[in-house]
Amino acid sequence: RSLRVRVLGSAAGGGFPQWNCGCPNCAGVRAGTIRATVRTQESVAVSADGEGWVLLNVSPEIRQQVESFPGLHPRGPRHSPIDAIVLTNGDLDHTLGLLSLRESHPLVIYATERVRLGFTEGNVLYRTLERFPGQVTWRLLALGREEEIARADGAGTGLLMEAVPAPGKPPIHLEGARPPDPEDSIGLRIREVSTGRCLAYFAAAGGVTPAVLDAMADADCVFFDGTFWSSDELPALGLGTRRAEDMAHLPIGGSGGSLAALRDLRAPRRLYIHINNTNPILRDDSAERRAVDAAGWEVAQDGMEVTL
C-alpha cells in the first residue's frame, strides 16, 4: 500500500487562462507565445489502495477532471470510485462541482459545520442533491481531531485525516454576513494507515501559524497555497485593488512570503497549488519559477501524481 496523490486541477478560481482575463499570462498561453500549461481549478484525489479515492475539494471542472483520470472512471453501469469528498473551505472553486455530481449517486462530504451551512443554507440549487433520502451524507470535521475517512457504507478507506485551522476568511459570497471563524478555512493532515506516510494539504492559507507549521513538520509531502507571487500582483496589473493578504492568501515571494517562511520544511516533496492566472511561476522560464525550483519546491500541474 502507498499514499497516492493525483492532481486533478491546480489553478486558483477562474482557472488558467481565466475566461475574462487578458493579462500577459492568459493572453500568452492562448497565443502559444509563452512557456506555460493550461490548468483547471484546484482539486486533488487521494488514495491508499488505488481503487477508492477521496477528493479534496470539487472544482467546477470536476466532470472534465474525472474523465481525464481513468482511476475515477465508473466500473459498472452506476458506479464511482469516489469514496468521499473533503472541503477545505466554502469558496465556489472548491464547492461548485458538487452540483455537477447530482445524478442520483450517494455522496459522502466531510466539512466543518461553517462550510456545510454556507453551502446548504438558502441555496435552492442544493435541492439537486436531495433527490432521494441519503443522497448526501455530511460528516462534520472537528478541528484537531484525527479520524478515519469512511465510505458511504461506513467501511474505512485506509486514510486518517485531521483538520487544521488555516488563516482564512468566509467565501466572498458570505463576506459580511457572518464574522470570521476558525472553521472557515482549514488545511488537512492525511495519513495512510499501514505505512504512516503523511500528506499536509494547505491549498489556501493567509499566513503560517504555529499550528500550520506543526501540521507540516513531519509530512512526507506538502501542498501549499501558491495563489500569488506578490502582495500587489493584481493591483500592479490593473486587475483590482485587493492585495493577496486581503484575499486570505500568503504570497510566495518577498521576505514575508511562504518561500521564506517555509524554508526549513523537511518534506521531500513540496508543491505549490491553487495558482492564480496572474502568477509568474506559471511561466516555465520565469525568474520566479527559477526561484521556486532552486528552493526545492515544485509547481503543481493537472495530471501529475505523487506516490509516497
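The values are calculated or read from the model by the stated rules, or taken from the named source; none is laboratory data. Remember, predicted model here, so these are calculated numbers, not experimental data. Cβ coordinates were reconstructed from backbone atoms using ideal geometry, including for glycine residues, and neighbour counts include every protein chain displayed. SASA here: full protein model, heavy atoms, side chains in, ligands and nucleic acids out. Shrake-Rupley method; radii C 1.70, N 1.55, O 1.52, S 1.80 Å.
Applying the selection to the range 259-278, what residues are crowded, with 20+ Cβ neighbours inside 10 Å and closer than 26 Å to N25 by Cα?
Matches in the range 259-278: L259, R270, L271, Y272, I273, H274, I275, N276, N277, T278.
Here is a check on your reading of the model: is R243 assigned to a loop (DSSP other than H, G, I, E, B), among the charged types (D, E, K, R) and either buried (at least 19 other Cβ atoms within 10 Å of the Cβ) or modelled with pLDDT of 95 or more (or both)?
Yes.
Which count do you get for residues in the range 24-48 that are in a loop (DSSP other than H, G, I, E, B), within 19 Å of L239 (Cβ to Cβ) and either open to solvent by less than 10 Å² (accessible area, probe 1.4 Å) or β-branched (V, I, T) (or both)?
Matching residues across the range 24-48 total 1.
Residues of the range 174-229 being open to solvent by 30 Å² or more (accessible area, probe 1.4 Å) and assigned to a strand (DSSP E or B), which ones?
The answer is E175, R178, R189, R191.
What is the one condition in (1) surrounded by 15 or more Cβ atoms within 10 Å (Cβ to Cβ); (2) closer than 24 Å to C198 by Cα that L98 does not satisfy?
Failing condition for L98: (2).
Taking G168 as the residue in question, decide whether it is touching a residue at least 60 places away in the same chain (Cβ under 8 Å) and touching a Phe, Trp or Tyr at 6+ places or on another chain (Cβ under 8 Å).
no
Among (1) closer than 30 Å to G253 by Cβ; (2) at pLDDT below 95; (3) among the hydroxyl-bearing types (S, T, Y), which single condition is T209 missing?
(2)
Is one or more of the residues making up the range 9-21 surrounded by fewer than 24 Cβ atoms within 10 Å (Cβ to Cβ), out of contact with any helix residue (DSSP H, G or I) (no Cβ under 6 Å at 6 or more places or on another chain) and farther than 18 Å from I172 by Cβ?
no
Return the residues of the range 232-256 that are in contact with a Ser or Thr (Cβ under 8 Å, 6 or more places away or on another chain), over 19 Å from G22 (Cβ atoms) and not basic (K, R); say none if nothing qualifies.
Hits for the range 232-256 are A244, E245, M247, A248, H249, L250, P251, I252, G253, G254.
Tell me which of these P171 doesn't satisfy, since it passes every other one: (1) out of contact with any Cys (no Cβ under 6 Å at 6 or more places or on another chain); (2) buried (at least 24 other Cβ atoms within 10 Å of the Cβ).
Among (1) out of contact with any Cys (no Cβ under 6 Å at 6 or more places or on another chain); (2) buried (at least 24 other Cβ atoms within 10 Å of the Cβ), the lone unmet condition for P171 is (2).
Taking the condition closer than 14 Å to E298 by Cα, in a loop (DSSP other than H, G, I, E, B) and modelled with pLDDT of 95 or more, does A267 pass?
Yes, satisfied.
Within the range 246-255, is there a residue that is assigned to a helix (DSSP H, G or I) and either open to solvent by 50 Å² or more (accessible area, probe 1.4 Å) or touching a Phe, Trp or Tyr at 6+ places or on another chain (Cβ under 7 Å) (or both)?
So far as the range 246-255 goes, yes, one or more of its residues are assigned to a helix (DSSP H, G or I) and either open to solvent by 50 Å² or more (accessible area, probe 1.4 Å) or touching a Phe, Trp or Tyr at 6+ places or on another chain (Cβ under 7 Å) (or both).
Mind listing whichever residues of the range 112-137 are touching a helix residue (DSSP H, G or I) at 6+ places or on another chain (Cβ under 9 Å), closer than 21 Å to D153 by Cα and open to solvent by 50 Å² or more (accessible area, probe 1.4 Å)?
none
Give the residue that is surrounded by the most Cβ atoms within 10 Å (Cβ to Cβ), with candidates limited to residues of the range 279-308 that are in contact (Cβ under 8 Å) with a residue 60 or more places away in the chain and outside any loop (DSSP other than H, G, I, E, B).
It comes out as L282.
Among the residues of the range 144-159, which ones are among the basic types (K, R) and open to solvent by less than 70 Å² (accessible area, probe 1.4 Å)?
Selection gives R151 alone.
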